[in-house]
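Everything on this sheet refers to the single structure shown next.
The values are calculated or read from the model by the stated rules, or taken from the named source; none is laboratory data. Here the structure is a predicted model, which means the values were calculated and not measured. Every residue, glycine as well, gets a Cβ built from its backbone with ideal geometry; the counts of neighbours run over all protein chains shown.
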Amino acid sequence: MKNFLITGGAGFIGSNFVVSLLNKYLDYHVVVYDKLTYAGNLENLLQVTDNPRYTFVKGDICDATLVSETVQKHQIDTIVNFAAETHVDRSIMDADAFMNTNVQGTYVLLETARKLGLERFHQISTDEVYGDVPEGIASLESDPVAPRSPYAASKASGDLMTLAFYTTYQLPVTITRGANNIGPYQYPEKVVPLFATNAIDNIPLPVYGDGRQKRDYQYVLDHCRAVDRVLHQGKIGEIYNIGTGHEMENMTMVRIILDTLGKPESLIRHVEDRPGHDRRYSLNVEKIQDLGWEPKHSLAQAIELTAQWYRDNEWWWRKIKEGDFQTYYEAQYGDRLRAAQ
Ligand code: NAD
Ligand code: DAU
């Protein structure tokens with residue numbers, strides 16, 4: 001395991017992972033393979049741009065020819081697949097890209113890994129594949145998948161295809177299912193960066209429904225360390241949940257953001273809920289803990305650090321929010337916010 005193809009490496013979690021991998025393993029080479037959709041951003045990778053062990057290839061994971069050429073040219077032995085369409089609300093608006101990238105694209109990568117006999121294929125997945133989790137229950141890796149949004153269904157399909165390649169062809173695969181990640185370089189459509197940047201600008205924070213939905217907001221670098229652990233110590237053919245094992249209501253998360261930034265609660269607006277909104281995710285994380293991994297940040301610390309990063313890094317997010325994002329924001333929130341006045 002030395003030559004990595006990190007798909008989606010210009011996105012939020014992928015870029016954090018690439019930087020930590022290159023910093024930690026001084027003999028590893030990383031090729032980031034990324035389509036640079038609205039969510040991909042080479043500014044996330046500025047820390048490694050000049051690193052001789054880093055290469056960037058612009059490409060779509062659905063492009064079997066380019067994927068295969070890239071793997072061969074760079075003598076890739078390990079694929080870590082972060083590439084995906086990732087926002088639940090966008091999947092509700094239009095699921096096409098989710099099916100192409102998250103289902104077909106994952107299949108293309110698996111087939112390439114099989115044909116070229118790679119050492120490892122690792123699929124980055126999500127706790128959303130377990131669906132809405134009742135109080136008192138924490139999802140185990142052995143639980144059946146029960147996705148409820150188009151995004152979650154597309155990710156569950158990727159997981160099932162990955163497991164099928166292990167069973168049928170003995171492709172050496174591992175899968176991690178992460179809870180909500182937060183931290184530097186997250187596109188500001190996701191709730192924590194959206195609310196932090198809105199609060200900085202003194203504009204309303206659109207809370208879906210009653211805001212009592214529960215999520216495990218984990219710090220992105222904790223998640224990256226756990227993926228690293230699974231790559232190096234995980235058992236082939238296995239799934240590992242990754243999260244703190246604790247959860248928090250969205251309203252609590254909102255108040256931590258406002259407190260951190262010194263902003264008033266009058267910015268909160270309860271707006272029409274997300275259709276099919278999962279009330280609760282909760283992961284049993286004993287299996288990843290058995291590999292010796294523990295998160296270094298609590299949920300509250302992760303939220304505070306993230307809000308502070310957005311306060312200190314306007315150079316990164318302000319131009320994003322001023323561009324095409326405005327059209328998305330109006331489509332997603334315009335009517336909701338006007339109705340909530
Ligand atoms: P992101 O949206 O920030 O980044 C996705 C990246 O994938 C972008 O750089 C984009 O350009 C690239 N991409 C999209 N389609 C592509 C294609 N067809 N070919 C090549 N590249 C393509 O996503 P993220 O939040 O960093 O999530 C990364 C992975 O982690 C995803 O698989 C997601 O499902 C999973 N995940 C995310 C979270 C979270 O809270 N963000 C939690 C658990 C799992
Ligand atoms: O759980 C892992 C998943 O976390 C990842 O697989 C997804 O890629 C990632 O987008 C994230 O999905 P969520 O739907 O949980 O994250 P999001 O940030 O969109 O929303 C978090 C919570 O906040 C959820 O209960 C919905 C709520 N929310 C979200 C937005 C964008 C609001 O109340 N208002 C909002 O404007």
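For segment 95-131, what are the residues that are surrounded by fewer than 16 Cβ atoms within 10 Å (Cβ to Cβ), among the acidic types (D, E) and either free of Cβ contacts under 8 Å to residues at least 24 places away in the same chain or under 28 Å from Q213 (Cα atoms) (or both)? If the condition is that a residue be surrounded by fewer than 16 Cβ atoms within 10 Å (Cβ to Cβ), among the acidic types (D, E) and either free of Cβ contacts under 8 Å to residues at least 24 places away in the same chain or under 28 Å from Q213 (Cα atoms) (or both), then D96 is the only one that fits. The criterion of being among the hydrophobic types (A, V, I, L, M, F, W, C), within 16 Å of ligand 1 (Cβ to nearest atom) and either under 25 Å from the mean Cα position of the chain (by Cα) or buried (at least 17 other Cβ atoms within 10 Å of the Cβ) (or both) does not hold for L258.
Conditions (1) of a type in the set (F, W, Y); (2) exposed (fewer than 15 other Cβ atoms within 10 Å of the Cβ); (3) more than 15 Å from ligand 1 (Cβ to nearest atom); (4) not in a loop (DSSP other than H, G, I, E, B), marked per residue:
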| residue | (1), (2), (3), (4) |
| --- | --- |
| N16 | no, no, no, yes |
| T37 | no, no, no, no |
| G40 | no, no, no, no |
| T49 | no, yes, yes, no |
| D60 | no, no, no, no |
| E85 | no, no, no, no |
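Residues checked against (1) modelled with pLDDT of 95 or more; (2) surrounded by fewer than 21 Cβ atoms within 10 Å (Cβ to Cβ); (3) within 12 Å of ligand 1 (Cβ to nearest atom); (4) part of a loop (DSSP other than H, G, I, E, B):
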residue: K155; (1), (2), (3), (4): yes, no, yes, no
residue: L163; (1), (2), (3), (4): yes, yes, no, no
residue: T168; (1), (2), (3), (4): yes, yes, no, no
residue: E189; (1), (2), (3), (4): yes, yes, yes, yes
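When H270 is tested against the conditions (1) within 21 Å of the chain's Cα centre (by Cα); (2) in a strand (DSSP E or B); (3) not hydroxyl-bearing (S, T, Y), the lone failure is (1). In segment 319-333, the residue that is surrounded by the fewest Cβ atoms within 10 Å (Cβ to Cβ) out of those that are assigned to a helix (DSSP H, G or I) and touching a residue at least 12 places away in the same chain (Cβ under 8 Å) is A331.
Among the conditions (1) in contact with an Asp or Glu (Cβ under 9 Å, 6 or more places away or on another chain); (2) among the hydroxyl-bearing types (S, T, Y); (3) within 16 Å of ligand 1 (Cβ to nearest atom); (4) assigned to a helix (DSSP H, G or I), the only one that T306 does not satisfy is (1).
Looking only at residues that are in a helix (DSSP H, G or I) and away from ligand 1 (no atom under 15 Å from the Cβ) in segment 198-222, which one is nearest to the chain's Cα centre (by Cα)?
Of the residues in segment 198-222, the ones in a helix (DSSP H, G or I) are 198-200, 220-222.
Among the residues that remain, those that are also away from ligand 1 (no atom under 15 Å from the Cβ) are: 198-200.
Numbers: N198: 21, A199: 23, I200: 24 Å.
Taking the candidates together, the pick is N198.
For F12, the stated conditions do not hold, so it cannot be described as under 22 Å from T162 (Cβ atoms), away from ligand 2 (no atom under 16 Å from the Cβ) and buried (at least 24 other Cβ atoms within 10 Å of the Cβ).
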